[in-house]
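Worksheet for the structure shown next.
No lab work stands behind these numbers, since they all come straight from the coordinates. The structure displayed is predicted, hence computed values, not measured ones. Note that each Cβ is placed from the backbone with ideal geometry, even for glycine, and that neighbours are counted across all protein chains shown.
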Amino acid sequence: MAIHKRKINPEDDLGFGPQPVIKNQPLVNKDGSPNVKRVGLPRFNSANNYHTLITMSWTKFWLLVLSGYLTLNIIFAFIYFSFGPQSLDGSSGISTFHRFMDAFFFSAQTISTVGYGHISPKGMMSNSVAALESMMGLLAFALATGLLYGRFSRPSAQIVYSKNMLVAPYLENSRGVMFRLANLRRNILIDLEIEIIFSFNETVDGKTMRRFYPLDVERRKVSMLTMNWTIVHPLDDKSPLKDMTQEDLEKTEAGFAILLRAFDDTFSQTIHSRTAYQYNEVIWNAKFKPIFDRDEDGRIVLDLSKISDHELVTT
């Protein structure tokens, strides 16, 4: 294996330093998050609560809100129910279950400050609990509203990347390492800039170290992303990958970290997107299939479902 040496910028190590990759564990996950397991934190650590609530999926978020709402109402329903049937004036429940449901729905009306008036608290204990619950309801709904606003207003990039990197023909009698990306949203991204960091394990004096090299690309910046963008790293004399083979990439547990920066005109802020490719996600001697076509009116039609479509070629 031959590696074309070039000057290494310490800032290109992605914060991992010379730590080698072991057992094919990627440094960066496909979603762009660092593959680092954190331990030694307190059992009840609240440092990441807001970040977790903002970044979790919508399904998990709504399940959490719904379960919290039901749990809180059930707790207060048990409290009202424990005070006896005389604690809620207007409750018409005959059986134990119906009286509990009256308490539950009264709790739901109190926590949301709706108060239909059909059932009302009676006595100092019930009124005190109802006052406490209404205050908690105001705070809980204010918190939920803030989280909803934070989730909707948080600038984020919805970039789709090709599933694989390809080693494909490039220009005349040359090759290049390439992948594709496109914007999933209909907003306009401007001033895009891409960066590829190639890393591999190297043994120096009997010690395995991780080496990082920024790769030159055919076009590092584009003014506007209107269709898809194929990023190409030419395998020329300047490339550290020029003489490497598929076996070399596997032996050194090589990987590629992709860093994308762009300006989102919807949020008027700079957004970032990250992903990574491992050596086993690199397909040799292949090329991408066209991703766009024309409709009857001559308008360009971009089919994002074909972002990863490729075919093998004969070299």
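Please give the helix 58-82 orientation as an angle from the longest Cα principal axis of the chain, in degrees from 0 to 90, rounded to the nearest 10. Long axis of 58-82 versus the principal axis of the chain: about 20 degrees. Remark on residue 283: its backbone amide H falls under 5 Å from those of 165, 166, 167, a criterion applied only to residues 5 or more positions apart or on other chains, H modelled at 1.01 Å from N.
Summarising the label geometry, the points placed 7 Å from Cα in the beta-carbon direction at residue 289 and residue 51 lie 4.1 nm from one another. Beta bridges assigned by DSSP with both partners in the chain are antiparallel in approximately 95 percent of cases. Cross-link check: pairs 163/207; 37/251; 251/306; 163/251; 207/242 evaluated at a Cα-Cα cut-off of 29 Å; pairs beyond the cut-off: 163/207; 251/306.
Nearest 5 is fine: what % of DSSP beta bridges in region 156-312 come out antiparallel, could you say? Can you show the working numbers first?
On the way: 52 of 55 bridges.
Among the beta bridges of region 156-312, antiparallel pairing accounts for roughly 95 percent.
Site pair residue 313 and residue 143 shows an inter-label distance of 5.7 nm when each label is modelled 7 Å from Cα along Cα→Cβ. Using R0 = 45 Å, the C-beta based FRET efficiency linking residue 174 and residue 269 works out to 0.70. What the phi angles of region 236-249 give under the Karplus curve with 6.51, -1.76 and 1.60, with θ = phi - 60°, is a coupling list of 9, 5, 8, 7, x, 9, 3, 9, 7, 10, 4, 5, 5, 4 Hz, glycine and proline written as x. Packing order of peptides 281-288, 296-303, highest average first: 281-288, 296-303 (average count of other Cβ atoms within 10 Å over each peptide's residues).
With a 10 Å radius around each residue's Cβ, average the other Cβ atoms per peptide and rank 273-280, 153-160, highest first.
Numbers: 273-280: 20.8, 153-160: 14.5.
Per-residue Cβ counts within 10 Å, averaged per peptide and sorted highest first, yield 273-280, 153-160.
Among 54-64, 70-80, 262-272, how do they line up from the highest to the lowest mean number of other beta-carbon atoms within 10 Å?
Details: 54-64: 11.5, 70-80: 16.9, 262-272: 14.2.
Top to bottom by mean Cβ count within 10 Å: 70-80, 262-272, 54-64.
Taken along the Cα-to-beta-carbon direction at a fixed 7 Å, the label points for residue 128 and residue 164 span 7.1 nm. Rounded to 0.05, the FRET efficiency of the residue 86 and residue 250 pair, given R0 = 51 Å and the Cβ-Cβ distance, is 0.10.
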